[in-house]
1. Could you give the angle, 0 to 90 degrees to the nearest 10, between helix 97-115's Cα long axis and the longest principal axis of the Cα atoms of the chain?
2. How much solvent-accessible surface does Arg5 expose, in Å² to the nearest 10, with a 1.4 Å probe and all protein chains in place?
3. Work through the residues other than Ala111 whose Cβ is under 14 Å from its Cβ and net out their charges, Lys, Arg +1 and Asp, Glu -1.
4. When ranked by the protection proxy of mean other Cβ atoms within 10 Å per residue, highest first, what sequence do the peptides 71-83, 30-42 form?
5. Enter the accessible area per residue of the chain (Å², integer; probe 1.4 Å; all protein chains in place).
6. What residue among Val104, Val91, Val57 shows peak mean-square fluctuation when the chain is described by a Gaussian network model with Cα springs under 10 Å?
7. I want to check the label-to-label distance for Met49 and Leu100. Put each point 7 Å from Cα in the C-beta direction and report it in nm to one decimal.
8. With angles folded into 0 to 90 degrees, how steeply does helix 66-86 sit against the dominant principal axis of the chain? Use alpha carbons for both and round to 10.
Amino acid sequence: MYIGRLAYRILAWIFFGCIVVQVFLAGMATFGDPSKWQAHALFVQLFAMLPLAMFLVTFIGGIKGRDRLLSLGLFLLVVMQFLTVQVFSSVFIIAALHPLIAMVLFWGSMAAARKA
């Protein structure tokens, strides 16, 4: 059980750090060098599955309740992020949810890391 909780804690902090870097890359692309959008698009592929791993580790670590649901929710938000860009980019109202979801991912990843 201890190993599962430790793994969850490590994954949560790594995910939070990746979200911070991802937002920074978006800021660099928006306010500086538009070529950074490629880095923004590629970097997410490195950490997109971390919340799913966190969710699975909750079963090993005996983590229940809100923490388990939070990790699942973070994974679903990552899926929604991909959908807003890959599927709904031509529907501007849905695509406009992308930065809002990013804000929720930042908050949720911070909450998961702090509680871990």
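The values are calculated or read from the model by the stated rules, or taken from the named source; none is laboratory data. Keep in mind it's a predicted model, so treat the numbers as computed, not measured. A quick note on method: Cβ atoms are made from the backbone with ideal geometry, for glycine too, and the neighbour counts reach across all protein chains shown. Protein only, heavy atoms only, side chains kept; ligands, DNA and RNA dropped before computing areas. Shrake-Rupley method; radii C 1.70, N 1.55, O 1.52, S 1.80 Å.
1. Approximately 20 degrees, to the nearest ten.
2. 110 Å²
3. Net charge in that neighbourhood comes out at +4.
4. 71-83, 30-42
5. Spelled out: the 1.4 Å probe surface of the chain, per residue, equals 62 Å².
6. Val91
7. 3.1 nm
8. 20 degrees
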